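To start, the structure under review is shown below, and the notes come after it.
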Amino acid sequence: MSTPKNIEAVIFDMDGLLIDTEAPAKRAWQEGARRLGLEIDDETMLGLIGRHIEDCLDILSEKLGRDLREMNFMEQVDDIYFSHFLRHGIGVKDGAFDLLEWLHENDVTRAVATSSEKEIAPRKLRLARLEHFFPLIVSGCEVKQSKPAPDIFLLTAERLGVNPENCIVLEDSYTGIQAATSAGMTAFMIPDQL
C-alpha cells in the first residue's frame, strides 16, 4: 500500500468506525429475527458488516429461506435499534473527536461514505454530535453498486472535487477496505466487530 503524496481528503466510514453502532445493530437484527421466529447467527452477522441494507436483506433472505422484506423485518429492526439510541444515545469511538478536531483545524477536507440509508446517516451523526465535521455525507443508496465495489468512494471524491489517489479512507470492514483500495485510495482499517 502506498501513502498519497498530497492528501486532499479523509473519507470516513460511519458505523463501527466513528460511532458505536455495530453491536446495537447486531442485537437489533438478531432480536428482530427472533420476533419473527428466525435465527441469525453471529458469523452471519459479521459477514454483513459494511454492506448496504439491500444486500444484507438479500443475503439473509437466501440463507433463511424466507423473504424478509415481505415479513416487515426492517420495521422490527428499526424499532429495536432506534429505541436503544433514544434510551442510551450513540457512543462516539475513542479518538474520533480528537482526530476530527485536528483535521478541521488543519483544513483537511472530510466526508462520510456510509452504507447507512441516506435519511438515517445524518440522524445518527446528529445524535452523536458529529454532523458539523462533515460537509458531505454519501450513502450507499446513491450508487449502483455498494461496497465492496468502489462506487461510493469514487462518488465521494468526485463530489469533493479531489483525486481518488489523494484520499485516505478510514474503515472498519473488509468490504470497505476492498472498496477503497479498488478506488485507488489509501485505506486504513480500524477494527470494531471484525
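The figures follow:
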quantity	calculated
Selected from G50, Y174, T186, residue furthest toward positive end of dipole (the chain; charges at beta carbon)	G50
Length-normalised contact order for the stretch 123-174 - Cα pairs under 8 Å, 6+ apart - percent	22
Kirkwood-type radius of the stretch 6-85, with distances r between different C-alpha atoms, in Å	13.5
Neighbour cut-off at most 16 other Cβ (10 Å), DSSP loop, trypsin sites (Lys or Arg not before Pro), the stretch 8-113	R66, R69
On Cα atoms only, tilt of 73-88 relative to the major axis of the chain in degrees	60
The chain - percent relative contact order, Cα under 8 Å, separation 6 or more	32
Percent accessible area from carbon and sulfur atoms, the chain, protein chains only, probe 1.4 Å	48
Whole-number percent relative contact order across the stretch 73-171, with pairs defined as alpha carbons under 8 Å at least 6 apart	22
From phi via Karplus (6.51, -1.76, 1.60), per-residue ³J(HN,Hα) for the stretch 30-35 in Hz, x at Gly/Pro	5, 5, x, 5, 4, 4
Gain in span if fully extended, H132 to N163, counting 0.36 nm per residue against the direct Cα distance	8.8 nm
For the chain: accessible area per residue (Å², 1.4 Å)	50
Chain lengthening between F97 and K118 when straightened (0.36 nm per residue, less Cα-Cα)	5.3 nm
D107 paired with D67, simple spin-label distance in nm, labels 7 Å along Cα-to-beta-carbon	5.5
Beta bridge orientation in the chain: antiparallel %, DSSP, nearest 5	5
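The values are calculated or read from the model by the stated rules, or taken from the named source; none is laboratory data. All values derive from a computational prediction rather than experimental measurement. No Cβ is skipped: glycine too gets one built from the backbone with ideal geometry, and neighbour counts run over all protein chains shown. For accessibility, only protein heavy atoms count, side chains too; no ligands or nucleic acids. Shrake-Rupley method; radii C 1.70, N 1.55, O 1.52, S 1.80 Å.
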